[in-house]
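The values are calculated or read from the model by the stated rules, or taken from the named source; none is laboratory data. Please read these numbers as outputs of a predicted model, since none were measured by experiment. Backbone-built Cβ (ideal geometry, glycine too); neighbour counts: all protein chains shown.
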Amino acid sequence: MEAAAVELFLAHGFEQTTVDDIAAAAGIGRSTFFRYFRTKADVLWLPFDDHFEHLAAALAKQPSDEPLTMAIIRGVMEALRESGDPQGVWLLRFVAQEELALEEQEAVRWSRWATVVTEFAATRLPGERGEVLAAMVGGTTQALIRSLLRRLTGREARTERVLDEIERELHAILQPLQGWLDEVIS
């Protein structure tokens, strides 16, 4: 159902695709669709919402003595790998989410994503300045992931290649931040 829905959203647009279209493409009845999803938008958002739990759990289990940016990179990558699928349907969701009709829902979810990383960073950055720095790290990481997914999905649909490139970019951009964070906190 998810693959059929995402394919239809990309081919015809989110608003133009009906639940009946999705059900027909998936070879199921309308009532079967509603057993799994409340709305057609849930096809895009339920897996993304599940990802928050994976992300929070992956970050929480990072060693406390590991530098913050490395812990974030490892946690984010673990969560992305757990949330992805080999067929690349999860990647296509990010393209489908860019529709104007979904803009508000997308913004809310990505804000929640940044909050998960911010809350984790706040546990490692002390004091009032730490709160500000945690918000900066959370927002920066979210913006980086979001822009990478948009850019990479347009040219590559294989999950592992996209994840490998995301990991390289996270190391290149976030790791240098660690020295600056150490300097500002001390």
Flag for Pro67 being in contact (Cβ under 8 Å) with a residue 40 or more places away in the chain, within 30 Å of Thr123 (Cα to Cα) and within 19 Å of the chain's Cα centre (by Cα): no
Residue within region 38-57 that is at pLDDT 90 or above, more than 21 Å from Val89 (Cβ to Cβ) and not acidic (Asp, Glu) present: yes
Number of the condition not met by Glu128 [criteria: (1) closer than 22 Å to Glu53 by Cα; (2) out of contact with any Phe, Trp or Tyr (no Cβ under 8 Å at 6 or more places or on another chain)]: (1)
The lone exception for Val117 - which of (1) among the β-branched types (Val, Ile, Thr); (2) farther than 26 Å from Gln178 by Cα; (3) in contact with a Ser or Thr (Cβ under 7 Å, 6 or more places away or on another chain) it fails: (2)
Inter-residue pairs, beta-carbon under 8 Å, first over 16 Å from Arg109 (Cα atoms) and in region 73-97, second part of a loop (DSSP other than H, G, I, E, B) and small (Gly, Ala, Ser), 6+ apart: Gly88/Ala157; Leu92/Ala157
Single match in Glu82, Glu99 (criterion: in contact with a Phe, Trp or Tyr (Cβ under 8 Å, 6 or more places away or on another chain) and acidic (Asp, Glu)): Glu99
